[in-house]
Structures are given as C-alpha cells and as structure tokens.
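Worksheet for the structure shown next.
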Amino acid sequence: MADRLNFEALQGWYEQVLTAAKPHLTPENSRSLAINATNVAMEHAKNHPYSTALSVISIGLTPVLGSGWLAAPFLKLIGFTPLGPAAGGLAAWYQATFLGGYISPQSWFAAAQRLAMG
C-alpha cells in the first residue's frame with residue numbers, strides 16, 4: 001500500500017520530537033537530545049518510507065533547483081508544465097498516488113508547480 005503524505009501524522013511526529021526533546025533541553029544533555037531526536041526520526045522513517053525519502057530528496061534538491069532558470073528544465077522533465085502536471089508524467093503520478101486532491105499551498109509540490117508556471 002502506498003504511503004500517503006499525511007499532515008496529521010507529520011504533526012504527530014513533530015509533537016513526538018518536541019516531547020522527546022523537552023527533558024533534555026539543557027547544555028549538559030545535548031548528546032541525549034541528539035540521540036532521542038535521531039531515534040524518533042528513524043522510527044518515523046521506518047513507518048513512512050516514501051514521504052521520508054521524498055522529503056530528503058526535496059531538501060537536497062532545494063539549493064540546486066532554487067532558481068527558476070535552473071529548475072525549469074528539470075521540472076518539465078518530471079512533468080510540471082505551465083498548465084499543471086502533465087498527464088502521464090511523474091508529477092501527475094506522484095500527485096495521484098501520494099497527495100490525492102489536496103495540495104497544500106506550502107508544500108514542495110505547490111512550489112515546484114509555481115516555478116513551472118513561471
């Protein structure tokens with residue numbers, strides 16, 4: 001079954017990270033904080049492999065694709081067009097598989113579409 005991007009789960013994960021971090025927010029316990037945060041992140045990655053992979057990829061590509069002139073050829077290649085995701089393209093498949101009908105205006109997908117639209 002496909003791992004759908006779930007904003008409620010993401011919020012829950014964020015709250016777990018904060019809960020794990022609160023007891024360790026002292027300079028003396030910074031190592032424990034890092035270990036606990038890593039454990040929570042790894043557990044999230046195990047439970048949500050697709051959304052985790054896409055997050056890592058999008059974070060890695062942000063500096064590379066940050067400017068429109070550099071991003072446009074790449075976005076076109078993966079199916080983002082000035083009129084929206086191209087039917088049958090990777091962007092359309094990703095939207096249908098993981099996002100459904102709702103695209104958050106703050107998501108990487110919406111940002112990629114804005115860049116493709118110029």
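FYI, it's all coordinate maths here, none of it is from the lab. What you are looking at is a predicted structure, and each value in this text was computed from that prediction instead of being measured. Using ideal geometry, Cβ is built from the backbone for each residue, glycine included, and neighbour counts are taken over all protein chains shown.
Just a few scattered comments:
- Extension gain for LEU90-THR26 works out to 18.5 nm (0.36 nm per residue, less the C-alpha to C-alpha distance).
- Kirkwood radius and radius of gyration were both taken over the C-alpha atoms of the range 49-118, and their ratio Rg/Rh is 0.93.
- Measuring r between the beta carbons of ALA72 and ASN39 and using R0 = 25 Å, the FRET efficiency lands at 0.05.
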